[in-house]
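Below is one structure. I have some questions about it.
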Amino acid sequence: MEKKGIGKIAILLALTSGDQDNIKKYYESKNYVVYKGQAGSMDPKKIVAAIETAASREDIIRENYHEEHALYHAIIEALSGYCRGQVMLGEVLRSAGLTFTIVRGTLIEDDRSSGNWIAVVLYGQIGSPRRGFEHEAIGMGIQPI
């Protein structure tokens, strides 16, 4: 089986619905920390806060500059991709309803020499705050810790 990178693991988990326990257990056995949550808002600050809160609450990051800084930049990078370069939602009458995943571990599966990394993937709906006027979007950010 091909070894996966941390980004592919995060995307796989974000796109999987239904029984995710097997995927989570497999990568947790490979020393990854994985979390999947949901957020929605017309304010990007609320999405950032939801992801940061989940990462802290689930002990994915510790309270120190390097870990918080890496997470912040991974979130902003993912939001930039999700919003297609313009990290604006409510200001331009766009809303987002998304699933987010956070994965912490080595850059490549079973490669301890690659160090510690964090990946954030955002996947969901973005568009007008009117039902039926949205479409799918995805964004990913990966940062070293």
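Given the chain, what count of lysine pairs have C-alpha atoms under 23 Å apart, with each pair 8 or more places apart or on different chains?
Close lysine pairs under the 23 Å cut-off: 16.
Something else about it: So if we plug the beta-carbon distance of Ser29 and His69 into 1/(1 + (r/R0)^6) with R0 = 22 Å, what FRET efficiency do we get, rounded to 0.05?
0.15
If you put +1 on each Lys and Arg Cβ and -1 on each Asp and Glu Cβ, how big is the dipole of the chain around its Cα centre, in Debye rounded to 20?
Around 260 debye, computed over the chain.
At a 10 Å Cβ-Cβ cut-off, how would you order Val121, Val34, fewest neighbours first?
Numbers: Val121 29, Val34 23.
Ordered from fewest to most neighbouring Cβ atoms within 10 Å, Val121, Val34 come out as Val34, Val121.
Which length gain, in nm to one decimal place, applies between Asp21 and Arg112 when the Cα-Cα distance is subtracted from 0.36 nm times their residue separation? The partial results should precede the final answer.
On the way: separation 91, 0.36 × 91 = 32.76 nm, distance 2.43 nm.
Extra length available between Asp21 and Arg112 comes to 30.3 nm.
We did not get these values from a lab; they are worked out from the coordinates using the rules stated. Since we're looking at a predicted model, the values are computed, not measured. Note that we place each Cβ from the backbone using ideal geometry, even for glycine, and neighbour counts take in every protein chain shown.
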